[in-house]
Every structure is written in structure tokens, then in C-alpha cells.
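Visitor: I'd like to ask some things about the structure below.
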Amino acid sequence: MKQTTFSTAGFDRYAKTTKRAAFLAEMDAVIPWAALCGLVEPFYPKGETGRRPFGVERMLRIYCLQQWFNLSDPAAEEALYDSLSMRRFVGIDLGREPVPDETTICRFRHLLEAHDFGRRMFEFIHEHLEAKGLRLSSGTIVDATIIHAPSSTKNEDKARDPEMHQTKKGNQWYFGMKAHFGVDRRRKVIHSVVATAANVHDSAVLGDLLHGEERDVWGDQAYQGQSEVIKEKAPNARDRTNRRYRKCGVVNEAERARNRKKSKVRSRVEHVIGVIKLKFGFTKVRYRGLEKNANRLFATCGLANLYILRHQFRAA
């Protein structure tokens, strides 16, 4: 343990624990740092040549801050200089050392992307939760949401991102990628994620969102007519997706009532999407290309699962 310097010693007479500090304290308690660092250490530089690298856990904590607060590489450096609670979370004492610069943060992120760390992190957290007794139930809710991408051509290539596409929802056109989720009905955690271009229909990846042991599958009307796919992937599952109740201008009130009853369960997936898009701010892609943004999506979903189950996890 290092002795605290005057840069971190508070002399404020009046202080209050902010929401940010409380959030970081909760997440610090539930994240298995040692195990996650073990996933990075095999390909992390050992410092045999060049500058001595920062610690793996310290860089991994900065990476998590980027996902939680939607920070770019330069913004992460600025935020660490500006926020005492963030520096305490990372373990940086400005009286002894500087904050890693944006180039160092960027290189670490590229290193994780090159080794598909986001997917590995998501899968490990899923296994970690099951090891703690937080197992999945027998029902899955499927849904998809659009993550916007810049549609402007004012860039070096004078073109939009070729891996992103546009789609029409209602009377509005959207450009970007689409995140598909398979969410546990009882725990409200994500167990399956697929990233595609925005023009891929929701039902096209339904089979990849099921783990095979379901007894019920819920979804909105976009998944209507996929009973054969559900039966093939999860033989014991019942198709509880919503049905279209309006035909030729005539409303089937009985089918409408059944949809309303199903939606009481199906709406739980919106809580999970709300954590990713509203709590963590992942409403727009930050990088060019589908692979980098998919890596961020997997990492964000893993952290979102820990956030959703943080109270149950600590009790377990």
C-alpha cells in the first residue's frame, strides 16, 4: 500500500457521496477483476522493451469507465484528470504519477479488439454469474434495437461506413447497426448477443439468440411466423411471440388482448436495453466498421449484466 499524497487527501469540510462515486463503488465490488485480468495478461506487453507498461487492472478499469460513461479515448483521459472519484476507482494518485494519455488508452483498446476481448469478457461474465448460483430460467425474450451511425459523407473517404446500412422503422429512416438480444425472462440478463447491419430483419438471427433449453420464447410481432426456427433450436419451447391483430382494417380484439398479456412479460427486455442505451449511453456507434462496434457491444452487455444483478450478486 502506498502512502496517500496531498493530491488525494480531502480537506473539504462538507462532502457528499455522489451518484457517480456510489455507482463506481458498487461495480468495483461485483466485478471479478483478477479473473478478467487473467484473460488479458497472456497478450499484454511485458515491458521487455520500450516504456514500462501500466498495470493490466488499471488499464482494464479505464476501459470499463469508457463503456459506462460513453467516453472516447481523449475524453477518458480528460475525465480522469477532472474526476477524483474516477481516479480513485482506477487507482491513480496525481501526486505520484500522471494519467495514461489518450494514445496509451487507444492502443490498449486496439489490443483488446484484436483478441476479441469483448466477446470473451461477455462469455466469462455469463459463466461467472452461473457459478454464483444466478442461473438462467426456462424462458427467453428476444428483441432488437438500432444503434445509430453517422450518415454524413464529410470524411476522408467521402462515403458512409460501408458495413452499416439504413432501414425504415415506421415512417422514419435510420442508418447504423442493429443489436439483437436474447434476455432471460426471470433474471432480466442478456445471455445471447448478435450485431448486424441495421437492414437485417429481427427474425433473421432468432436461432442465434436461443440457448436451447427454453420452454417459452417471447418476442414482438417482428418474430411472427418463426415457430419452425424456435422448434428446431429449442424443441421444448412454446412460441409466445405477438401476433398481428389487425387484418384488412378489422381489429381482432381477442388477439389484441392476448398480445397485451404477452407484452407484460416481453416488456422486460426494454429494461435491459434501457440500461445499455440510457444508463451507459450506447445510442451511437463510436468506431468505423461492424467488428469494433460489436466488440464494444459485447463488453457493454457483460457489464450491463453485472449492473442489473449487482444487488443479487452481492447477496449471493
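Visitor: Looking at region 131-140, is at least one residue surrounded by 13 or more Cβ atoms within 10 Å (Cβ to Cβ), without any contact (Cβ under 8 Å) to a residue 60 or more places away in the chain and under 22 Å from V217 (Cα atoms)? Lay out the reasoning, then the answer.
Guide: Quick first cut of region 131-140, residues surrounded by 13 or more Cβ atoms within 10 Å (Cβ to Cβ) only: 132, 134, 136-140.
Pick out the ones that are also without any contact (Cβ under 8 Å) to a residue 60 or more places away in the chain and you get 137.
Subset that is under 22 Å from V217 (Cα atoms): 137.
Within region 131-140 (the criterion being surrounded by 13 or more Cβ atoms within 10 Å (Cβ to Cβ), without any contact (Cβ under 8 Å) to a residue 60 or more places away in the chain and under 22 Å from V217 (Cα atoms)), the answer is yes, since at least one residue qualifies.
Visitor: Quick test of your reading of the structure: A179 fulfils all but one of (1) out of contact with any strand residue (DSSP E or B) (no Cβ under 8 Å at 6 or more places or on another chain); (2) within 26 Å of L303 (Cα to Cα); (3) of a type in the set (G, A, S). Name the failing condition by number.
Guide: With (1) out of contact with any strand residue (DSSP E or B) (no Cβ under 8 Å at 6 or more places or on another chain); (2) within 26 Å of L303 (Cα to Cα); (3) of a type in the set (G, A, S) applied to A179, the lone miss is (1).
Visitor: Given L136, L94, L80, which one is in a helix (DSSP H, G or I), aliphatic (A, V, I, L, M) and farther than 30 Å from K168 by Cα? Walk me through it before giving the result.
Guide: Values: L136 fails: in a helix (DSSP H, G or I); L94 fails: in a helix (DSSP H, G or I).
Only one candidate qualifies: L80.
Visitor: When you look at R107, is it part of a helix (DSSP H, G or I), without any contact (Cβ under 8 Å) to a residue 24 or more places away in the chain and under 22 Å from the mean Cα position of the chain (by Cα), yes or no?
Guide: Details: part of a helix (DSSP H, G or I): yes; without any contact (Cβ under 8 Å) to a residue 24 or more places away in the chain: yes; under 22 Å from the mean Cα position of the chain (by Cα): yes.
Against the criterion (part of a helix (DSSP H, G or I), without any contact (Cβ under 8 Å) to a residue 24 or more places away in the chain and under 22 Å from the mean Cα position of the chain (by Cα)), R107 qualifies.
Visitor: Surrounded by fewer than 18 Cβ atoms within 10 Å (Cβ to Cβ), touching a residue at least 60 places away in the same chain (Cβ under 8 Å) and either not aromatic (F, W, Y) or not assigned by TED's automatic domain parsing to the domain that holds L60 (or both): is that true of V265 in this structure? Spell out the reasoning first.
Guide: On the way: surrounded by fewer than 18 Cβ atoms within 10 Å (Cβ to Cβ): yes; touching a residue at least 60 places away in the same chain (Cβ under 8 Å): yes; either not aromatic (F, W, Y) or not assigned by TED's automatic domain parsing to the domain that holds L60 (or both): yes.
Yes, satisfied.
Visitor: Return yes or no: is Y223 at pLDDT below 90 and in contact with a strand residue (DSSP E or B) (Cβ under 8 Å, 6 or more places away or on another chain)?
Guide: Details: at pLDDT below 90: no; in contact with a strand residue (DSSP E or B) (Cβ under 8 Å, 6 or more places away or on another chain): yes.
So Y223 fails the test.
Visitor: Next question, about the same structure. Confirm whether I146 is crowded, with 20+ Cβ neighbours inside 10 Å and at pLDDT 95 or above.
Guide: Details: crowded, with 20+ Cβ neighbours inside 10 Å: no; at pLDDT 95 or above: yes.
The answer is no for I146.
Visitor: Exactly one condition in (1) assigned to a loop (DSSP other than H, G, I, E, B); (2) closer than 24 Å to L136 by Cα; (3) in contact (Cβ under 8 Å) with a residue 60 or more places away in the chain is false for F298; which is it?
Guide: Evaluating F298 over (1) assigned to a loop (DSSP other than H, G, I, E, B); (2) closer than 24 Å to L136 by Cα; (3) in contact (Cβ under 8 Å) with a residue 60 or more places away in the chain leaves (1) as the failure.
Residues are listed down the side, and each one gets a yes or a no for (1) under 19 Å from R286 (Cα atoms); (2) of a type in the set (S, T, N, Q); (3) in contact (Cβ under 8 Å) with a residue 40 or more places away in the chain; (4) surrounded by 21 or more Cβ atoms within 10 Å (Cβ to Cβ):
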{"residue": "S72", "(1), (2), (3), (4)": "yes, yes, yes, no"}
{"residue": "A75", "(1), (2), (3), (4)": "yes, no, no, no"}
{"residue": "L80", "(1), (2), (3), (4)": "no, no, no, yes"}
{"residue": "P98", "(1), (2), (3), (4)": "no, no, no, no"}
{"residue": "M121", "(1), (2), (3), (4)": "no, no, yes, yes"}
{"residue": "H126", "(1), (2), (3), (4)": "no, no, yes, no"}
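Visitor: Now for a separate question. Among the residues of region 18-56, which ones are under 26 Å from the mean Cα position of the chain (by Cα) and either modelled with pLDDT under 85 or loosely packed, with under 10 Cβ neighbours inside 10 Å (or both)? Spell out the reasoning first.
Guide: Quick first cut of region 18-56, residues under 26 Å from the mean Cα position of the chain (by Cα) only: 18-44, 54-56.
The answer is K19, A34, P42.
The values are calculated or read from the model by the stated rules, or taken from the named source; none is laboratory data. Everything numeric in this text was worked out from a predicted model, so none of it was measured. Ideal geometry is used to build each Cβ from the backbone, glycine not excepted, and the neighbour counts take in all protein chains shown.
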